[in-house]
1. Kindly evaluate Ala132 against the criterion of being over 23 Å from the mean Cα position of the chain (by Cα) and open to solvent by 50 Å² or more (accessible area, probe 1.4 Å).
2. If a residue has to be assigned to a loop (DSSP other than H, G, I, E, B) and either open to solvent by less than 50 Å² (accessible area, probe 1.4 Å) or not basic (Lys, Arg) (or both) to count, how many in the range 146-192 make the cut?
3. Which residues, taken from the range 208-229, are among the charged types (D, E, K, R), open to solvent by 80 Å² or more (accessible area, probe 1.4 Å) and modelled with pLDDT under 90?
4. Would you check which residues across the range 198-207 are modelled with pLDDT of 90 or more and either of a type in the set (Lys, Arg) or surrounded by 19 or more Cβ atoms within 10 Å (Cβ to Cβ) (or both) and list them?
5. Got a number for residues in the range 193-230 being assigned to a loop (DSSP other than H, G, I, E, B) and closer than 20 Å to Glu164 by Cβ?
6. Only one residue in Gly111, Gly94 is modelled with pLDDT under 70, assigned to a loop (DSSP other than H, G, I, E, B) and closer than 30 Å to Lys218 by Cβ. Which one?
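The values are calculated or read from the model by the stated rules, or taken from the named source; none is laboratory data. Everything numeric here is computed off the predicted structure, so don't read it as measured data. Glycine gets a Cβ as well: all are built from the backbone with ideal geometry, and neighbour counts include every protein chain shown. Heavy atoms of the whole protein, side chains included, go into the accessibility calculation; ligands, DNA and RNA do not. Shrake-Rupley method; radii C 1.70, N 1.55, O 1.52, S 1.80 Å.
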Amino acid sequence: MSSLQEFEASRGHISRQIRSLKRQSIVALLLALVLIVYSLYLLAKLDTAKQKLLETNEVLEASKDSLTRSNKALTVMNDSIGKLNAELDGWRQGLAAQNNPSFQANANSAGHRTVSKYLTNERALTRGVFLANIIYIHDRNGNKVSAPLQQYLIDQGAIVPGIEHISPKMRYASTVKYWHPEDLPLATELLRQVKAMYEKYKSPVANLEVRLQKADKKVPKGQFEIWIDK
């Protein structure tokens, strides 16, 4: 092979390598452009996500402030309820003393409804024993005794807002509920009166009992609930 042929062969080989390098450079450039575009896209998405995160944080801070204000309002409300309960107790005590002078003489220091001689005196219990007490009645639809029971309790001075008929799907026991230990004597008397009313209408209630509920300062002293499963 002559020198000229070798030169031509070398030049051809170099030309092929140059073309190959050009193709590789173009591919690399295109890949770089794709990476740059994708990086810009990710930066835009990151900026959007950052903005949404900031907005979410602002919402959370606003919710936190609102919750704090709500908690403060609930605290104030609970304090107000406590004061109202105390005023209601005083009002009941004064009203009971006006209507039955023996109340003040026989009530002990535990509460205006925790009494000994007063509650064991049958004559004293026959009139106004539930004076100013709040009593709620719950029964099943079709109960014909709750209405006269409500009227009887109102005649005894109780505040009976209404009668709530409970769905048969909800199971519960026949109970007289109270929330303050010192209300047990009156709850027991209320139980006796409820039994007597149902027996009067020839519809006795089985397994009726008094039950102390979990302490709740929102429930004032002298408040009761009657639950009759019939």
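1. Values: over 23 Å from the mean Cα position of the chain (by Cα): yes; open to solvent by 50 Å² or more (accessible area, probe 1.4 Å): no.
No.
2. So the first thing to find is which residues in the range 146-192 are assigned to a loop (DSSP other than H, G, I, E, B), and the list is 156-158, 160-162, 167-174, 179-180.
In the following step, the residues that additionally are either open to solvent by less than 50 Å² (accessible area, probe 1.4 Å) or not basic (Lys, Arg) (or both) were identified as 156-158, 160-162, 167-168, 170, 172-174, 179-180.
Result for the range 146-192: 14.
3. Of everything in the range 208-229, those that are among the charged types (D, E, K, R), open to solvent by 80 Å² or more (accessible area, probe 1.4 Å) and modelled with pLDDT under 90 turn out to be Lys214, Lys217, Lys218.
4. Answer for the range 198-207, where residues must be modelled with pLDDT of 90 or more and either of a type in the set (Lys, Arg) or surrounded by 19 or more Cβ atoms within 10 Å (Cβ to Cβ) (or both): Tyr198, Lys200.
5. Result for the range 193-230: 13.
6. Working: Gly94 fails: assigned to a loop (DSSP other than H, G, I, E, B).
Sole residue among the options that is modelled with pLDDT under 70, assigned to a loop (DSSP other than H, G, I, E, B) and closer than 30 Å to Lys218 by Cβ: Gly111.
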